[in-house]
């Protein structure tokens, strides 16, 4: 991608040559060139470190001035909480202002999740002390209204750290209670709709009664399109009891601390796109990339250009690097694996016949989107389709302004989708066309596989079948089985959240799921705090998908091999291994990684790579057979 972005349009486009042969309309070429200008301008602005350094924190100060106009910063009194209705209305308006910039203060979106704060833990006094210093330096650096002293800045910073620590403790306590099914329910008497996965649907008006000081109703009403019927709004509260104590924590916080916290959220979130000595302490503590890095181009592609223009970057990347025969092979493999999984469902002794029929229909209904979008609503190969999608977006030499422009556009676009049909071809926020990954969208019953993962060593049109199924096949199977993991089982054959399994099948599923929880909880790895156990209660969905996906890929390949439809030539240098053994070697290569103990994230819903390899093959009877293990019985088995 770097090679593409550091050329001009004539150097990367196929359209000029193709136009001469096929007489394409000049408009198509000009649209394609304008699309390229957008990503090229964004990249060049990001690479202009000199201008970024010269701007210092001035761009953030401008946004804070807008916040100050909404809720004038009073400073001075660091103890009195905001008690007036006017204060709470201003608080909500300030939150709305930041939400429109994609700066979340309390993660208030249609699905309401527990917020994640600046530090992973507030237990280490030294870390919190460093954090407090970083906040104080940042507040002084941007010069908040009020002309407060260094001592006052430190007091405000300490108040911010205390507030986040209290909110984070509430979040962690709730998540721990959820694992033991002891989480508090929404207050009795309030009209809510409890869902099969334990979440609740609740209107903004009702949650306003439940947590009035947070002003969530005002924020949501300010974000939805003007033509959207407010009575149609339902918030999905993923964790009932999320706001049981948070309103009390917030309402007991001094007004000046809340105002400073909102300012700090703005500063900390936007820190990666500015460069200032006043933010150096925070960047070091928060592992925020500095704009002067020698590998700046990587940051500009991965964190800026690709996320902001993912379909346009995908368009030019595919032109230069991708062959559709690769896409067609992966699409065929996904179809074959789904067919094999349907056969597997029929043999499961723990599912009732009624549920088997519904599960079979769910697999048949699954849509698979491989490599890139190609629907009439979003055709990545069409310059005009891309121009329509990004209508209203622009890019300039001002790096900060271009990023803020994208945030505003993206927030408005996402909320605008409330009035439009869902486009299943569109990728979620965390994915891009060229990213290395795949996902399963529960609500749409869709499998998405991005081009970045469709490369060696995981996949290639020129690899043997055992290699492709051990690598990409396991990925395809993994995403498919997500439709039937501990979350996916709550979404029916149409992708709707519902109870569609009978009690007996649910009970059998939960018993088998507990096996995975126990199994992975017994694995140990060196993490940030030393040797620790994996939390099987955090990772069951991924572990279930790993086991089921691996089996589905293996069984599909073996069936093709038995029918003489596989292409299993021998790779030079690997003659000592059987095709079955090589299947699992390529699977292991898929998750082979090297992390320092500090990089191990034990709260990640994915088990660390080495554990995924061990757990995956430990649950595979085929692996045990291929490598002549004494015991042929898998530790846990579900799908």
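Sort region 488-612 into rounded, prolate or oblate with this rule: let a ≥ b ≥ c be the square roots of the eigenvalues of the Cα gyration tensor; rounded if a/c is under 1.5, and if a/c is not under 1.5, prolate when a/b is larger than b/c, oblate otherwise.
Numbers: a/c = 2.57, a/b = 1.14, b/c = 2.25.
Oblate is the answer for region 488-612, as a/c is 1.5 or above yet b/c matches or exceeds a/b.
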Cα pair distances exceeding 40 angstrom across the chain, given as percent = 36 percent
Cα axis of helix 579-591 to longest principal axis of the chain: angle in degrees, 0 to 90, nearest 10?
-> 0 degrees
For the chain, what is the percent of antiparallel DSSP beta bridges, rounded to the nearest 5?
-> 70 percent
Region 364-461: radius of gyration and largest Cα-Cα distance (Dmax), Å | 15.2, 48
Exposure proxy check: 414, 565 ranked by fewest other beta carbons within 10 Å?
-> 565, 414
How high is the relative contact order of the chain, in percent, counting Cα pairs under 8 Å that sit 6 or more residues apart?
-> 15 percent
Contact order normalised by residue count of region 379-488, Cα under 8 Å, 6+ apart, percent | 15 percent
What's the angle, to the nearest 10 degrees (0 to 90), between helix 609-618's Cα axis and the longest principal axis of the chain?
-> 40 degrees
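Sort 463-472, 592-601 by packing, meaning the average of other beta carbons within 10 Å per residue, with the highest value first.
Numbers: 463-472: 26.0, 592-601: 12.0.
My ranking of the peptides, most packed first, is 463-472, 592-601.
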Between helix 399-416 and the chain: long-axis angle, C-alpha atoms, 0 to 90°, nearest 10 = 70 degrees
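Below 8 Å, C-alpha to C-alpha, sequence gap of six or more: please give me the relative contact order for region 487-639 in percent. Kindly include the intermediate steps, with their values, before the conclusion.
Numbers: 158 pairs, mean separation 42.7, N = 153.
Here the relative contact order equals 28 percent.
Bear in mind that the values in this text are calculations on the coordinates, not laboratory data. As the structure is a prediction and not an experimental result, all values here were calculated from the model. Every residue, glycine as well, gets a Cβ built from its backbone with ideal geometry; the counts of neighbours run over all protein chains shown.
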